[in-house]
1. May I ask you to verify whether Gln238 is polar (S, T, N, Q), surrounded by fewer than 14 Cβ atoms within 10 Å (Cβ to Cβ) and modelled with pLDDT of 95 or more?
2. Considering only the range 132-144, I want to know if a residue exists there that is farther than 13 Å from Gly64 by Cα, touching a residue at least 24 places away in the same chain (Cβ under 8 Å) and either within 13 Å of the chain's Cα centre (by Cα) or not assigned by TED's automatic domain parsing to the domain that holds Val32 (or both).
3. Quick one: what pairs do we get from the range 239-250, first residue closer than 14 Å to Asn197 by Cα, second not in a helix (DSSP H, G or I), C-beta under 7 Å, 6+ apart or different chains?
4. Since Leu83 meets every condition but one in (1) hydrophobic (A, V, I, L, M, F, W, C); (2) buried (at least 23 other Cβ atoms within 10 Å of the Cβ); (3) within 28 Å of Pro179 (Cα to Cα); (4) without any contact (Cβ under 8 Å) to a residue 60 or more places away in the chain, which condition does it not meet?
5. Taking the conditions exactly as written (under 18 Å from Val174 (Cβ atoms), out of contact with any Leu (no Cβ under 6 Å at 6 or more places or on another chain) and of a type outside the set (S, T, N, Q)), does Gly30 satisfy them or not?
6. Under 26 Å from the mean Cα position of the chain (by Cα), assigned by TED's automatic domain parsing to the domain that holds Gly133, loosely packed, with under 15 Cβ neighbours inside 10 Å and part of a helix (DSSP H, G or I), is that true of Glu185?
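The values are calculated or read from the model by the stated rules, or taken from the named source; none is laboratory data. Predicted, not measured: the structure shown is a model, and the values here were computed from it. FYI the Cβ positions are ideal-geometry reconstructions off the backbone, even for glycines, and counts take in every protein chain you see.
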Amino acid sequence: MTDDAVLTEVHDHTLLITINRPEARNALNGAVARGMAAALDRLDEDDDLRVGVLTGAGGTFSSGMDLKGFLTGDLPLVEGRGLAGLTERPPRKPLIAAIEGYALAGGCELVLACDLVVAAEDARLGVPEVKRGLVAGGGAAMLLAQRIPRAAALELLLVGDPVEAPRAHELGLVNRVVPSGTAVEAALELAARIAANGPLAVAVTKQVALAAVDWTREESWAKQSELIGPVFVSADAQEGATAFAEKRPPVWTGR
């Protein structure tokens, strides 16, 4: 058995990242934050990795910040990267959350930092910080009202009670609800479908989709052209067209 707070495992072109503190319901501390930052750096820097899947060990995604660590100053923060090394600087490549059990407080904020979410049918998501006299400062207070209807966001934030995965799916927080115990498997299948596409195109598509909300109407087309121009003259673009003409699967290089 390993004592690492974060485990990584490669599945084809996908990096599975597992928060590994099941005895503490995968509560986030400094060790988790450092391990997450290292894993996310690996995801972005390794050309053979195209997608990440984030989950928690032992049937729980994450119960949020370790409050015992909070009291002793062991905070799950990485300067310039935010909570668990993720929330302020997500990876360039797609990241999928695979939720079993609870994703609460900071755990839910990690989910909000992911691009896609697969949740077990009995999973629960919530931001109960106000119940502890705290504010959901890892992104939820800022992002929830942008992601789901304002009234629903404020109820989650101000009441602090969690919602079950089917309700989170109705609100648009979850992409897929799957049988209990299969979230990682389903997330890896989804990751494989993304990884089959051109990696450079996928990364830039994510960049455009997330950045466009801050662009004015006047500047949006010029900014998009600046980002996507290199993709259209890339080796991958040539390979995609050639593979289509030759009726064979493309062999991507990410260049």
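1. yes
2. Kept after step one, since they are farther than 13 Å from Gly64 by Cα, are these residues of the range 132-144: 133, 141-144.
Still in the running and touching a residue at least 24 places away in the same chain (Cβ under 8 Å): 143-144.
Narrowing the set further to residues that are either within 13 Å of the chain's Cα centre (by Cα) or not assigned by TED's automatic domain parsing to the domain that holds Val32 (or both) leaves none.
There is no residue in the range 132-144 that is farther than 13 Å from Gly64 by Cα, touching a residue at least 24 places away in the same chain (Cβ under 8 Å) and either within 13 Å of the chain's Cα centre (by Cα) or not assigned by TED's automatic domain parsing to the domain that holds Val32 (or both).
3. Listed pairs, sorted by first residue: Glu239/Pro250; Glu239/Val251; Glu239/Trp252; Gly240/Gly198; Gly240/Pro250; Ala243/Pro249; Ala243/Pro250.
4. Failing condition for Leu83: (3).
5. No.
6. The answer is yes for Glu185.
To keep it simple, each residue is scored yes or no on (1) in contact (Cβ under 8 Å) with a residue 60 or more places away in the chain; (2) of a type outside the set (Gly, Ala, Ser); (3) part of a helix (DSSP H, G or I).
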site	(1), (2), (3)
Glu23	no, yes, yes
Asn26	yes, yes, no
Val32	no, yes, yes
Ala39	no, no, yes
Leu43	no, yes, yes
Val53	yes, yes, no
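Yes or no, residue by residue, for (1) of a type in the set (S, T, N, Q); (2) crowded, with 24+ Cβ neighbours inside 10 Å; (3) in the same structural domain as Leu15 (by TED's automatic domain parsing):
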site	(1), (2), (3)
Gly56	no, yes, yes
Thr72	yes, no, yes
Leu77	no, no, yes
Pro94	no, yes, yes
